[in-house]
1. Quick check on my filter: what residues within the stretch 226-244 are over 21 Å from SER170 (Cβ atoms), surrounded by 17 or more Cβ atoms within 10 Å (Cβ to Cβ) and not acidic (Asp, Glu)?
2. Go through the residues of the stretch 33-44 one by one and say whether even a single one is free of Cβ contacts under 8 Å to residues at least 60 places away in the same chain and over 26 Å from LYS192 (Cβ atoms).
3. Run down TYR472, TYR551, TYR538 and say which single residue is among the aromatic types (Phe, Trp, Tyr) and closer than 19 Å to GLN287 by Cβ.
4. Can you confirm whether ALA210 is open to solvent by less than 30 Å² (accessible area, probe 1.4 Å), under 30 Å from LYS127 (Cβ atoms) and outside any loop (DSSP other than H, G, I, E, B)?
5. Show me the strands (runs of 3 or more DSSP E) entirely contained within the stretch 252-327 in which 3 or more residues are touching a residue at least 24 places away in the same chain (Cβ under 8 Å).
6. Starting from the stretch 185-200, take each residue that is farther than 19 Å from LEU55 by Cβ and list its partners that are among the charged types (D, E, K, R) and open to solvent by 10 Å² or more (accessible area, probe 1.4 Å), counting only C-beta distances under 8 angstrom and pairs at least six apart or across chains.
7. Applying the selection to the stretch 103-131, what residues are small (Gly, Ala, Ser) and either within 15 Å of GLY31 (Cβ to Cβ) or surrounded by 20 or more Cβ atoms within 10 Å (Cβ to Cβ) (or both)?
8. Condition first: within 21 Å of GLU429 (Cβ to Cβ), open to solvent by less than 50 Å² (accessible area, probe 1.4 Å) and part of a loop (DSSP other than H, G, I, E, B). Now tell me which residues in the stretch 441-475 satisfy that.
Amino acid sequence: MAPVRDPNTLSNYDAWRTRHTTANLQVDFAGKCLRGNVVIELESQTDKASTEIILDSSYVAVSDIKYNSAPSKWEVKDRQGFNGSPVHIAVPEGAAKGEIVKLHIELATTDKCTALQWLTPAQTSNKKAPFMFSQAQAIHARSLFPCQDTPDVKSTYDFNITSPYVVVASGVPVPQPADETGDGKTYKFQQKVPIPSYLFALASGDIVTAPIGKRSCVATGPNELKESQWEFEDDMDNFMDAAEKIVFPYAWGEYNVLVLPPSFPYGGMENPVFTFATPTVVSGDRQNVDVIAHELSHSWSGNLVTSCSWEHFWLNEGWTMYLERRIIASVHGSDAHFHFSAIRGWSALEDAIKQYGANHEFTKLCITHKGIDPDDAFSTVPYEKGFHFVYYLDRLVGRENFDKFIPFYFGKWANKSLDSYEFKDTFLEFFSTPEYSSLKDKISSIDWEGRFHSPGLPPKPEFDTSLADVCYELAGKWKSKDFTPGSSDTSSWTGNQVSVFLDAVQDFDESLSVEQSQALGKTYGLVDSKNVELKSAYYQIAMRAKDSSAYQGVADLLGQVGRMKFVRPLYRGLNKVDRELALATFEKYRDFYHPICRQMAAKDLGV
């Protein structure tokens, strides 16, 4: 029996394993809570050796727990910081190994729930209905209901969600006759592929759908439907076809995208069946749809195969970045696009490591999470440093050989969780066969410990810079105070190329002058751009230039976007140049942000 290997759970999943979860919940918009019951089926991992079940919880109001339909003795213990308050349920007689037991838990979420955001009708675009959505990564599922809140445990799910408004969830919709009650309609979903608790997801509001592919639809508010459909429909099937050629057929049936209100804190969340996405990807130019390639890649890496804890998060994100870039290159028919995306990633990795310091614990591939809140350790590092490790292995053994390893890896670990050393063993197992004997010396040269535990930047590979060179060339011209820009400088570029150019300007040793900053924003249309990636990058340059005319624009953008990728750097930048405005802006919009974003921005501002 393996011991618990996730330091961010208080559950005793070494003794009991969740196998199935049924959520019977009502969406109470008036009370801003979910209420109802959750039935958890657990398999005993011992032969009557464990006499209690321990579940994770965080600010959940538990009113009753039954064990196998009978009253039980249970207690919510004292809170243990960010890991929450464990729920102990007595099982005096224990259970035989392999026996399935049921817990029936009556509960309601509270106003301290960190997984839910509740929006009033006035906070939505058409002002007609309230809206609720969840975000459970990393360890926020425990604020929805008591559970084994660890990626090392996977469960199938049934969702029975009652709401006066449309519901979507991380399961396949179950067709059923209208089941109206005074509380609304009950929407049913099934998730037959086991998933970790952080992929449990719900949303409810004025939601409509439109097709974007053979197996895909987009769901969003009525005002956003047409532009969201246009943004995704050209690429969705191409992304799906490319992904399936690289790995193997998609396991989840449908792949859909829910475009959420602007307060959603992430670019996307890989909830199976329904990816939750930021509206910043709907930029009107199809320049940010790479986010969808990323979240689709998670269907294999992170969903089907999952890291066993946040200490090994790179296994999810590094593999996903690799697959995303392979998909993009396949769709464009050029490896130059793979390299161009990797160049952008390398720049982001350099910035993250510079921010932490090259020897910081958080710049390692495998981060020890004992005593660390996973939200605090979230950064670009596991994404890009993880990508570079996977890409290093690809180059080491050759693309043709690595392409044979990919389906082997995902097939071996399908529906399971693993750590970095199990990944290592899997790689060595695959390449130990006689077919790959010529690679023996190369395989033996891999410094696994160094790759896993060395801080700072990994070795930088050679990149095809053909798509980036023009961006750097233009950036170089901006180092001269005499350079006169023109709109034709970037008119033929993709949004991603403009982004690389802006990143290069941000990295100048000497900031632009105020006059240059204003010319940059005006000439290239950055101030008025709908592409938040570009607008946010421009404002970083303007703040570094101490262009006070841009500060209010920064504050306005912070009231329109809740994606942490933009919110946190913008607040940090504004705090340096106008702390009073930064604090006033945060106070004005704090209720607009999701609880996770609000908490992290408050830390950034020191409030």
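The values are calculated or read from the model by the stated rules, or taken from the named source; none is laboratory data. Remember, predicted model here, so these are calculated numbers, not experimental data. Quick reminder, even Gly has a Cβ in these numbers, built from the backbone with ideal geometry, and neighbours come from all protein chains shown. Quick note on the areas: whole protein, heavy atoms, side chains included, nothing else; ligands and nucleic acids left out. Shrake-Rupley method; radii C 1.70, N 1.55, O 1.52, S 1.80 Å.
1. Scanning the stretch 226-244 gives GLN229, ALA242.
2. The answer is no; no qualifying residue exists.
3. Matching residue, one of TYR472, TYR551, TYR538: TYR538.
4. Judged against the criteria, ALA210 is a match.
5. 256-259, 305-307
6. LYS185/ASP179; THR186/ASP179; LYS188/ASP158; PHE189/ASP158; GLN190/ASP158; GLN191/ASP158
7. Answer for the stretch 103-131, where residues must be small (Gly, Ala, Ser) and either within 15 Å of GLY31 (Cβ to Cβ) or surrounded by 20 or more Cβ atoms within 10 Å (Cβ to Cβ) (or both): ALA108, ALA115.
8. Selection gives ILE446 alone.
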